[in-house]
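K.L.:
First, the structure itself, so that you have it in front of you.
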Amino acid sequence: MKSSKNKFKAGFVGVIGQPNVGKSSLINHLIGEKVAIVSEKPQATRKSVVGIYTDERMQVLFNDAPGFIRADKGLNKFLQDETQWVCEGADLLMLVLTTDVKSLETIERRLTQVESMKKNWFVVINKMDANPSHRVALLKDLLEKRNIKFFEMSTIEGSDYNDSAPLMDYICDQLPSSTQALYSAEMFTTSSTKEWVGEVIREKCFDLLRQELPFNLDVSVKKFDEGSGSGVVKVFSDIVVSKKNYIPMVVGKGGEQIKKIGTEARKEIEGLLGCKVYLQLYTKVKEGWLNNPRYLKDSGYVVKSK
């Protein structure tokens with residue numbers, strides 16, 4: 001298809017899949033900038049994140065959705081609805097898979113679910129360097145039998161599967177024509193700096209805290225002060241937990257844990273902003289916030305209007 005070389009393309013690609021298949025890492029890799037937080041802990045992505053890739057041929061808005069789950073209340077219900085919203089608004093769906101599942105039946109159910117959405121879609125087999133070759137062969141056979149377009153990818157530098165050019169060429173062919181880009185070519189995300197800062201802090205919490213705590217934790221940036229020409233950005237943020245007994249886990253002995261969270265977050269934020277950052281973290285208990293409608297609404301866990 002040569003039309004993509006003659007006409008500018010622009011549109012939304014909904015990036016969907018099970019939790020922990022590497023959707024966020026893949027988007028960061030394709031864009032060449034860190035727009036989504038990355039964690040080995042489940043459900044690191046909560047609110048959908050739009051990352052923007054622009055070149056002379058196209059502008060791609062990758063919408064990173066929370067992992068597929070089923071729920072009827074609270075934060076989990078928001079995650080489910082947010083994923084549905086991403087799918088409905090996409091021009092093209094990119095289903096990210098790995099072989100890290102109990103059986104191919106799980107993947108077959110997911111394929112059937114995406115097919116039922118009646119959208120243009122394709123598959124990326126991600127984390128190729130970590131997938132056992134025999135399981136990849138079974139997955140590829142399944143996709144070929146169902147006539148599903150797929151690409152094999154890895155975000156590891158130097159990997160045989162690191163080249164994203166064929167994937168991006170395919171996306172360009174599939175996107176609708178546009179008279180112009182939807183966003184400035186200099187932008188790489190639609191998130192505000194304040195939102196991005198909050199996500200960086202949450203990522204460090206996910207990385208450094210015990211396995212059972214991160215899902216019960218939220219981050220709320222209370223103040224983001226660019227310093228009025230002082231050259232120092234000041235950030236004041238709450239780390240919110242759902243139970244009082246989680247506070248010692250966040251703070252750590254002698255405050256060591258929260259200090260480490262703050263230090264790692266500050267360094268990354270300074271790298272993005274290119275200036276000094278003063279970061280102050282506080283802990284706050286909001287009992288049962290995961291199922292508190294008012295807290296969820298005030299914190300932006302509300303699916304956008306269509």
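K.L.:
Pairs, please: C-beta under 7 Å, at least 6 apart or cross-chain, first residue touching a residue at least 40 places away in the same chain (Cβ under 8 Å) and under 14 Å from Met94 (Cα atoms) and in the stretch 151-172, second open to solvent by less than 20 Å² (accessible area, probe 1.4 Å) and hydroxyl-bearing (Ser, Thr, Tyr)?
P.N.:
Cys172/Ser4
Every residue, every condition in (1) hydrophobic (A, V, I, L, M, F, W, C); (2) in contact with a strand residue (DSSP E or B) (Cβ under 9 Å, 6 or more places away or on another chain); (3) over 19 Å from Ile261 (Cβ atoms), yes or no:
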{"position": "Ala130", "(1), (2), (3)": "yes, no, yes"}
{"position": "Leu182", "(1), (2), (3)": "yes, yes, yes"}
{"position": "Lys194", "(1), (2), (3)": "no, yes, no"}
{"position": "Lys223", "(1), (2), (3)": "no, yes, no"}
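K.L.:
Here's a follow-up. If a residue counts only when it is within 27 Å of Glu33 (Cβ to Cβ) and either open to solvent by 80 Å² or more (accessible area, probe 1.4 Å) or touching a His at 6+ places or on another chain (Cβ under 9 Å) (or both), which strands (runs of 3 or more DSSP E) contained entirely in the stretch 212-306 have at least 2 such residues?
P.N.:
Details: elements: 217-225, 232-241, 276-285.
In the stretch 212-306, 217-225, 276-285 are the strands (runs of 3 or more DSSP E) which contain 2 or more residues that are within 27 Å of Glu33 (Cβ to Cβ) and either open to solvent by 80 Å² or more (accessible area, probe 1.4 Å) or touching a His at 6+ places or on another chain (Cβ under 9 Å) (or both).
K.L.:
Write out, first by first residue and then by second, each pair whose Cβ atoms fall under 8 Å of each other, whose residues are 6+ apart or on separate chains, and whose first residue, in the stretch 173-195, is farther than 11 Å from Val50 by Cα while the second is open to solvent by 80 Å² or more (accessible area, probe 1.4 Å) and charged (D, E, K, R).
P.N.:
Partner pairs satisfying both residue conditions: Ser177/Lys7.
K.L.:
Out of the residues in the stretch 246-265 that are touching a residue at least 24 places away in the same chain (Cβ under 8 Å) and of a type in the set (D, E, K, R), state the one that is farthest from Glu199 (Cα to Cα).
P.N.:
This residue is Lys260.
K.L.:
Sticking with this structure for a sec: Kindly evaluate Lys204 against the criterion of being in contact with an Asp or Glu (Cβ under 6 Å, 6 or more places away or on another chain) and open to solvent by 60 Å² or more (accessible area, probe 1.4 Å).
P.N.:
Numbers: in contact with an Asp or Glu (Cβ under 6 Å, 6 or more places away or on another chain): yes; open to solvent by 60 Å² or more (accessible area, probe 1.4 Å): no.
No: the conditions fail for Lys204.
K.L.:
Further question on the same structure: Would you be able to say whether some residue in the stretch 34-43 is over 28 Å from Pro293 (Cα atoms), at pLDDT 85 or above, buried (at least 22 other Cβ atoms within 10 Å of the Cβ) and under 13 Å from the mean Cα position of the chain (by Cα)?
P.N.:
No, because not a single residue in the stretch 34-43 is over 28 Å from Pro293 (Cα atoms), at pLDDT 85 or above, buried (at least 22 other Cβ atoms within 10 Å of the Cβ) and under 13 Å from the mean Cα position of the chain (by Cα).
K.L.:
May I pose another question? Counting only residues that are under 24 Å from the mean Cα position of the chain (by Cα), of a type in the set (Lys, Arg) and more than 28 Å from Gly32 (Cα to Cα), how many does the stretch 109-165 have?
P.N.:
3
The values are calculated or read from the model by the stated rules, or taken from the named source; none is laboratory data. This one's a predicted model, so the numbers in the text were calculated from it and none came from an experiment. Cβ: placed from backbone, ideal geometry, glycine included. Neighbour counts: every protein chain shown. These accessible areas exclude ligands, DNA and RNA; they are computed on the full protein's heavy atoms, side chains included. Shrake-Rupley method; radii C 1.70, N 1.55, O 1.52, S 1.80 Å.
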